[in-house]
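Peer 1: Here you go, one structure.
The values are calculated or read from the model by the stated rules, or taken from the named source; none is laboratory data. Remember, predicted model here, so these are calculated numbers, not experimental data. Note: ideal-geometry Cβ built from the backbone for every residue, glycine included; neighbour counts use all protein chains shown. Surface accessibility is based on the protein's heavy atoms, side chains included, excluding ligands, DNA and RNA. Shrake-Rupley method; radii C 1.70, N 1.55, O 1.52, S 1.80 Å.
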Amino acid sequence: GTRLGLRVQNPGQREKVNDLGMDGQVQVLLSGQATHRILWQADFVGTFGTQAAGTDTSGSAAVLDLIGRFEFHDAFNLWVGRMLVPADRSGLSTEWSIAPWLFPGQFEAGTAPVRALQGPHGRSDGVTLWGQLGSGVFKYYLGAFNLANVSQSPLYSGRLSLSLLNPEPGYRNASTYYGSKNVLAFGAGFQHQHNGWADTSTPPPVAWSDFTELNFDLFFEKNLGPGGVMDLEGAFYKFWGGYAPYSITYFLLASYLLPIEVGPGKFQPLFRLQQAHDRSTDDTDALADAQLGYVIDGLRARIALDYQYSKVVGQTRNAVLLGLQLMTR
């Protein structure tokens with residue numbers, strides 16, 4: 001699959017929409033079986049442009065997933081390697097399987113999003129014990145991550161989810177099904193890492209504090225038949241730690257997939273509001289997305305046109321985003 005995005009925003013004066021930037025990525029996913037119960041997965045990603053870590057003009061490639069999967073029973077699976085960190089619904093959906101173009105928590109372009117701790121592309125190196133009951137009605141996850149970094153303590157991450165109306169089988173989930181199923185899902189996650197927060201406000205030597213995070217999420221999707229498809233979603237995160245930049249953050253989302261076909265696809269208006277409480281300034285940062293999606297073939301072929309308005313550290317930001325996502329069947 002590939003994702004290509006255009007951002008209309010001045011990087012020096014971010015309240016102005018008079019400059020143009022571009023980023024993109026391609027992912028290749030491979031998997032196979034060693035035995036009936038032992039499987040493997042090896043996925044790779046290539047990126048260019050403005051990503052969360054900065055600007056990459058030449059392009060780069062990296063290992064996305066590298067997993068040994070010991071799947072003894074639906075209720076008991078052990079995955080070892082580099083994988084998605086299980087903490088919240090958005091993280092287990094990735095940016096590929098959410099209706100908005102951008103992952104939640106990205107209050108400032110070019111900086112890491114405010115969210116549960118994860119590595120690049122939501123992955124980290126570790127081990128996860130997970131299972132499901134009722135073919136995905138109930139799922140649990142318990143993992144230890146950041147194990148490749150021997151200079152830091154492990155990040156412990158876990159999640160519980162309950163999906164009523166229809167199950168959501170598998171390790172991952174989606175945050176939109178475009179009407180292919182009705183879903184009412186509840187989730188809760190936690191994370192903890194000893195010395196997980198660094199004090200970046202002072203010069204070295206760096207001081208550290210423990211990191212603890214708790215989150216809750218709700219997702220509801222209803223296919224109204226000739227009336228279209230309605231989605232409602234919300235998530236709340238609470239952070240503890242002396243050097244944590246934010247204490248809480250949350251987002252609320254509503255979207256509606258129109259039932260009328262226009263050409264090969266359907267239009268989907270979407271609105272998302274996000275807020276985060278800044279510890280250092282005692283202010284509340286806010287970000288609003290007003291997006292018009294054009295859904296051609298669900299997650300496999302879609303276009304998004306998004307206007308963003310944000311107020312971060314008292315400064316207003318404006319941006320216009322145009323995204324194209326294509327995936328093989």
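Peer 1: Using a 1.4 Å probe on the protein chains only, how many percent of the accessible area of the chain belongs to carbon and sulfur?
Peer 2: Ligands and nucleic acids excluded, carbon and sulfur give 65 percent.
Peer 1: Work out the charge dipole of the chain with +1 on the Cβ of Lys and Arg and -1 on the Cβ of Asp and Glu about the Cα centre, then indicate which of His192, Leu214, Val28 is farthest towards its positive end.
Peer 2: Of the candidates, Val28 comes out farthest on the positive side.
Peer 1: Next up: Straight-line reach only, C-alpha to C-alpha below 26 angstrom: list the lysines that Lys181 could link to, leaving out same-chain residues fewer than 8 apart.
Peer 2: Lys139, Lys222, Lys266
Peer 1: Give the value in nm², to one decimal: projected area of the alpha carbon convex hull of region 107-153, averaged over all directions.
Peer 2: That works out to 5.0 nm², a quarter of the Cα hull's surface.
Peer 1: Residues of region 29-168: accessible area per residue at 1.4 Å, in Å²?
Peer 2: That works out to 44 Å² per residue.
Peer 1: Here's something else I'd like to know. Just the Cα atoms of region 195-304, one point each, no solvent: what log10 I(q)/I(0) does Debye give at q = 0.14, 0.18, 0.19, 0.24 Å⁻¹?
Peer 2: Here the Debye-derived log intensity ratios amount to -0.72, -0.91, -0.96, -1.26.
Peer 1: So, one more: Which value in Å does the Kirkwood hydrodynamic radius of region 1-116 take, with 1/r averaged over all unlike C-alpha pairs and then inverted?
Peer 2: For region 1-116, inverting the mean 1/r across all distinct Cα pairs yields 16.5 Å.
Peer 1: So for the chain, Kirkwood radius off the Cα pairs, Stokes-Einstein at 20 °C and 1.002 mPa s: how many µm² s⁻¹? Let's see the in-between values first.
Peer 2: Numbers: Rh = 20.7 Å.
Translational diffusion coefficient: 103 µm²/s.
Peer 1: Test of understanding: what is the full-extension gain from Lys222 to Ala286, defined as 0.36 nm times their sequence separation minus their Cα-Cα distance?
Peer 2: Contour length minus the Cα-Cα distance gives 20.2 nm.
Peer 1: Between Ser209 and Phe236, how high is the FRET efficiency from 1/(1 + (r/R0)^6) when r is the Cβ-Cβ distance and R₀ = 25 Å? Nearest 0.05.
Peer 2: According to the calculation, E is roughly 0.70.
Peer 1: Report, in debye and to the nearest 20, how large the dipole of the chain comes out about its Cα centre when Lys and Arg carry +1 and Asp and Glu carry -1 on their Cβ.
Peer 2: So the magnitude is around 560 debye.
Peer 1: Using only alpha carbon positions, build the gyration tensor of region 61-132, then give the equivalent ellipsoid semi-axes as the square roots of 5 times its eigenvalues, largest first, whole angstrom.
Peer 2: They are 25, 14, 10 Å, listed from largest to smallest.
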